[in-house]
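Engineer: Before I ask anything, here is the structure I am working with.
No value in this document is a laboratory result; all are computed from the given coordinates. All figures in this text were calculated on a predicted structure; none of them were measured in a lab. In this analysis, Cβ positions are derived from the backbone assuming ideal geometry, glycine residues included, and neighbour counts consider all displayed protein chains.
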Amino acid sequence: MKITTSPLVGIDVSSKKLDLYFFSEKKNKELSKKMDNNTKGFGEIEKSITKSTTIVLEATGVYHYNLCSYFFLKGYTIKVVNPTAIKYYGMSKLKRDKTDKIDARLIYDYGKNMILSQDVKVHNWRKPSVSSLKRQQLLSMIQLETKHLNAYSSQYHSFKNCNDTSQEIFDWLQDKIQAVEEVIADYEKELNKLNTEEDKSFLKLVKTISGIGDKSAMVFLHTFQQFTNFESAKQVICYLGTNPREYESGSSVKKYKGISKMGVKDARKILYMAALSAKKYNTACRSLYKRLRERGKKHKQAMVAVINKLVKQAFAIVKSGEPYNPEYYSLSNRAA
């Protein structure tokens, strides 16, 4: 691990307040402060840190956006970290208490021990363009409405098991389902309007992979931003959260504990549906699934492997610029 003296501030962000933890060069000790989450508070933070300070914070939906935008335009280095990464880091340090002040200290420690030491790679936050921001917000709205759609559909099927459910209830739920489907369709149309010619070429390329459809292609385009910030498929898989998590005791006991789930949940759900299709129609994925099942792996474990195979295929063709070749991946799969 590299030793670093670079200045850093950890910030725990909420809708109205910002909790800071940082090392004060003036007082030669670590300090904690609380600021308002607004422009006045941002100015007070700026007075407390130097221009070379790296700002580390958790992704919080929209609450961190104005803070990041303010300091990005001022030329600061900003690292936005997946909250689950901070959570697991805290667990590894046996941090059980939770307050905003403790969270800010934990983010600070993570930044100092993991990011500045280069144990983990977190790309610098950049202010998105207006169209890029609109795209991100539309995706969030689609995800929200999809959750509503799933809830109404689940309720509908649940009520079907009750013989005495009135037709009025079924009609009401069907209307709700149809209305939400129409809203999602409108958002998706608006999202497609934002696609550039480069985006359209990218979508066409990744959809040459058997099993990848419109929604899963959108994951590679938007969530992974065409893999521009990733150096390997392994990094993408870790970001997605489908990398295996193992428990090791002593020198010999090693147990599979599922996937890390440290990534983006909605993307995993979409790619799981793509994997169901790939298991049938993608030669390499089909043979991989079959081989793992024959080895005694559970269905879910084999499906995670198929998801990761799709990620590797997509990463490979995007980096090469060549359409998916089933024969090539079939031969590679046999050799593996």
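Engineer: Enumerate the amide H contacts of Thr54 below 5 Å, restricted to partners 5 or more residues apart or on another chain; note that Pro and chain-start residues carry no placed amide H.
Structural biologist: So Thr54 has HN proximity to Leu8, Val9.
Engineer: Roughly what % of DSSP beta bridges within the chain run antiparallel, to the nearest 5?
Structural biologist: 70
Engineer: I need Asp164, Asp175, Asp199, Asp12 ordered by Cβ neighbour count within 10 Å, fewest first.
Structural biologist: Ranking Asp164, Asp175, Asp199, Asp12 by Cβ neighbours within 10 Å, fewest first, gives Asp164, Asp175, Asp199, Asp12.
Engineer: Taking a quarter of the surface of the convex hull around the Cα atoms of the range 8-115, what do you get in nm²?
Structural biologist: Spelled out: convex hull of the Cα atoms, projected over all directions, averaged, 6.3 nm².
Engineer: Roughly what % of DSSP beta bridges within the range 1-150 run antiparallel, to the nearest 5?
Structural biologist: Roughly 60 percent of the beta bridges in the range 1-150 run antiparallel, per DSSP.
Engineer: Rounded to whole Å and sorted largest first, list the principal axis extents of the Cα atoms in the range 110-255.
Structural biologist: Its Cα atoms span 62, 50, 34 Å along the three principal axes.
Engineer: Quick one: among Lys234, Lys40, Lys312, which has the greatest mean-square fluctuation in a GNM of the chain with alpha-carbon springs under 10 angstrom?
Structural biologist: Maximum among the listed residues: Lys40.
Engineer: Any idea how far apart Leu144 and Glu44 come out in nm if each label point goes 7 Å out from Cα toward Cβ?
Structural biologist: 2.9
Engineer: A further question on this structure: Helix 265-281 sits at what angle to the longest principal axis of the chain, using alpha carbons and giving 0 to 90 degrees rounded to 10?
Structural biologist: Tilt relative to the chain: about 30 degrees.
Engineer: Per the helix-only calculation at 222 nm, which mean residue ellipticity applies to the chain, given -39500 (n - 2.57) for every DSSP H run of n ≥ 4 and division by its residues, nearest 500 deg cm²/dmol?
Structural biologist: One gets -17500 deg cm²/dmol as the mean residue ellipticity at 222 nm.
Engineer: So for the chain, what percent of the C-alpha to C-alpha distances run longer than 37 Å?
Structural biologist: Distances greater than 37 Å cover 31 percent of the Cα pairs.
Engineer: First check a/c for the range 130-194, with a ≥ b ≥ c the square roots of the eigenvalues of its C-alpha gyration tensor; if it is under 1.5, answer rounded, and if not, answer prolate when a/b is larger than b/c or oblate otherwise.
Structural biologist: Since a/c reaches 1.5 and a/b is larger than b/c, the shape of the range 130-194 is classed as prolate.
Engineer: Using alpha-carbon pairs under 8 Å, 6+ residues apart, how would you state the relative contact order of the range 130-194 in percent?
Structural biologist: Across the range 130-194, relative contact order equals 55 percent.
Engineer: Enumerate the lysines that Lys27 could reach by cross-link, defined here as Cα to Cα under 18 Å, with residues fewer than 8 away along the same chain left out.
Structural biologist: Within the straight-line cut-off, Lys27 pairs with Lys47, Lys51.
Engineer: Now a separate question. Relative to the longest principal axis of the chain, what angle (0 to 90°, nearest 10) does the C-alpha long axis of helix 83-92 take?
Structural biologist: Approximately 70 degrees, to the nearest ten.
Engineer: Turning to a different aspect of this structure: Can you check what the net charge comes to around Thr196, using other residues whose Cβ is under 14 Å from the Cβ of Thr196 (Lys, Arg +1; Asp, Glu -1)?
Structural biologist: +2
Engineer: Relative to the first principal axis of the alpha-carbon coordinates of the chain, what is the inclination of helix 167-193, with its axis defined by its Cα atoms, in degrees from 0 to 90 and to the nearest 10?
Structural biologist: Computed tilt is about 70 degrees.
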